[in-house]
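Reading through the structure tokens given below for one structure.
The values are calculated or read from the model by the stated rules, or taken from the named source; none is laboratory data. Predicted model, so just to flag it, every value in this text is computed and none were measured. We place every Cβ from the backbone using ideal geometry, glycine too, and count neighbours over all the protein chains shown.
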Amino acid sequence: TQLLEQSPQFLSIQEGENLTVYCNSSSVFSSLQWYRQEPGEGPVLLVTVVTGGEVKKLKRLTFQFGDARKDSSLHITAAQPGDTGLYLCAGVRSGGYNKLIFGAGTRLAVHP
Amino acid sequence: DTEVTQTPKHLVMGMTNKKSLKCEQHMGHRAMYWYKQKAKKPPELMFVYSYEKLSINESVPSRFSPECPNSSLLNLHLHALQPEDSALYLCASSQDGQGGELFFGEGSRLTVL
């Protein structure tokens, strides 16, 4: 079982639709990061959230960190074909751990 | 443009070959990482160097041998690989080795015949 569970695994939508991707755990994380990876390239960091309840916006992307710091969500408004890619959440567990743990990823396809 | 540079971008090698993957960063980061990524899977951590010392080895087979000549460079020496080692090998760096934000290179696509 993954320490960080992402859902859905796959998402295929039309341009202009809204979507939400979830990243859940039973463990508490000191921080969570979201990356986007396009085919043939390395992941690119989108955002880091560190405070429970924190909300960060990046243009049409809204990231939220759960109050208990066990979960996070990524909401995309009016998706564009350029949003297509693999979205990965990754986190550092609280309690002295220093290893970044990745979720399995959500593969998003936005069709024109 | 990524600030972590990996070479080569593509590598095809036989099971008896010896080759190396190289990674370079000039952001002053003190931690560097090797990840392995199979198709449609997330990156899997292989090694972490922190302040030029190997701090994490995720039980990687000895046919993969990392080397950190200085704080800007990271190599991965490959010898006697198996076809199942074919994957995208990603290098990343972070400010320190405490699980902070990672900056990834574009990866080296390795095919083992």
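The single condition from (1) hydrophobic (A, V, I, L, M, F, W, C); (2) under 27 Å from A:G91 (Cβ atoms); (3) modelled with pLDDT of 95 or more that B:V12 fails is (2). Put simply, of A:S12, A:S31 the only residue that is in contact (Cβ under 8 Å) with a residue 60 or more places away in the chain, closer than 18 Å to B:F103 by Cα and part of a strand (DSSP E or B) is A:S31. For segment A:1-9, the condition holds for at least one residue, the condition being that it is of a type in the set (A, V, I, L, M, F, W, C) and part of a loop (DSSP other than H, G, I, E, B). Is at least one residue of segment B:60-68 part of a strand (DSSP E or B), surrounded by 15 or more Cβ atoms within 10 Å (Cβ to Cβ) and within 14 Å of chain A (Cβ to nearest Cβ)? There is no residue in segment B:60-68 that is part of a strand (DSSP E or B), surrounded by 15 or more Cβ atoms within 10 Å (Cβ to Cβ) and within 14 Å of chain A (Cβ to nearest Cβ). The selection criterion, being surrounded by 15 or more Cβ atoms within 10 Å (Cβ to Cβ) and modelled with pLDDT under 95, holds for A:G91. Assess whether B:P43 counts as being of a type outside the set (G, A, S) and within 12 Å of chain A (Cβ to nearest Cβ). Spelling it out, B:P43 is indeed of a type outside the set (G, A, S) and within 12 Å of chain A (Cβ to nearest Cβ).
So which residues in segment A:59-79 are loosely packed, with under 13 Cβ neighbours inside 10 Å and either within 14 Å of another protein chain (Cβ to nearest Cβ) or of a type in the set (G, A, S) (or both), if there are any at all? So that I can check it myself, show each step before the final result.
We begin by selecting, within segment A:59-79, every residue loosely packed, with under 13 Cβ neighbours inside 10 Å; these are A:59, A:67-68, A:78.
Once the filter is applied, which keeps residues that are loosely packed, with under 13 Cβ neighbours inside 10 Å and either within 14 Å of another protein chain (Cβ to nearest Cβ) or of a type in the set (G, A, S) (or both), segment A:59-79 yields A:A68, A:A78.
Within segment A:34-41, can one find any residue that is in contact with a Lys or Arg (Cβ under 6 Å, 6 or more places away or on another chain), under 19 Å from B:L102 (Cβ atoms), aromatic (F, W, Y) and assigned to a strand (DSSP E or B)? There is no residue in segment A:34-41 that is in contact with a Lys or Arg (Cβ under 6 Å, 6 or more places away or on another chain), under 19 Å from B:L102 (Cβ atoms), aromatic (F, W, Y) and assigned to a strand (DSSP E or B). Would you point out the residue of segment B:70-83, among those that are touching a strand residue (DSSP E or B) at 6+ places or on another chain (Cβ under 7 Å) and exposed (fewer than 13 other Cβ atoms within 10 Å of the Cβ), that is nearest to the other protein chains (Cβ to nearest Cβ)? If we take residues in segment B:70-83 being touching a strand residue (DSSP E or B) at 6+ places or on another chain (Cβ under 7 Å) and exposed (fewer than 13 other Cβ atoms within 10 Å of the Cβ), then B:P83 is nearest to the other protein chains (Cβ to nearest Cβ).
One line per residue, one yes/no per condition, for (1) touching a residue at least 24 places away in the same chain (Cβ under 8 Å); (2) more than 22 Å from B:Y89 (Cα to Cα):
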{"residue": "A:P43", "(1), (2)": "yes, no"}
{"residue": "A:G52", "(1), (2)": "no, yes"}
{"residue": "A:K59", "(1), (2)": "no, yes"}
{"residue": "A:Q64", "(1), (2)": "no, yes"}
{"residue": "A:S73", "(1), (2)": "yes, yes"}
{"residue": "A:L88", "(1), (2)": "yes, no"}
{"residue": "A:N98", "(1), (2)": "no, no"}
{"residue": "A:V110", "(1), (2)": "yes, yes"}
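The set of residues in segment A:80-112 that are under 13 Å from the mean Cα position of the chain (by Cα) and at the interface with another protein chain (Cβ under 10 Å from one of its Cβ atoms) comprises A:L86, A:L88, A:C89, A:A90, A:G91, A:I101, A:F102, A:G103, A:A104, A:G105, A:R107.
Scanning for something small (G, A, S), surrounded by 15 or more Cβ atoms within 10 Å (Cβ to Cβ) and in a strand (DSSP E or B), does segment B:24-44 turn up at least one residue? Yes, that holds for at least one residue. Checking each residue in segment A:17-56 for being more than 30 Å from B:L110 (Cα to Cα), within 13 Å of chain B (Cβ to nearest Cβ) and either loosely packed, with under 13 Cβ neighbours inside 10 Å or among the hydroxyl-bearing types (S, T, Y) (or both) picks out A:S30, A:S31, A:T48. The sole residue among A:Y35, A:Y22 that is modelled with pLDDT of 95 or more, out of contact with any Asp or Glu (no Cβ under 9 Å at 6 or more places or on another chain) and of a type in the set (S, T, Y) is A:Y35.
Provide a single number: the residues in segment B:90-107 that are at the interface with chain A (Cβ under 10 Å from one of its Cβ atoms) and either under 13 Å from B:V4 (Cα atoms) or not in a loop (DSSP other than H, G, I, E, B) (or both).
Here is the first cut: in segment B:90-107, the ones at the interface with chain A (Cβ under 10 Å from one of its Cβ atoms) are B:90-92, B:94, B:96-107.
Applying the additional criterion that residues be either under 13 Å from B:V4 (Cα atoms) or not in a loop (DSSP other than H, G, I, E, B) (or both) yields B:90-92, B:94, B:102-107.
Residues in segment B:90-107 being at the interface with chain A (Cβ under 10 Å from one of its Cβ atoms) and either under 13 Å from B:V4 (Cα atoms) or not in a loop (DSSP other than H, G, I, E, B) (or both): 10 in total.
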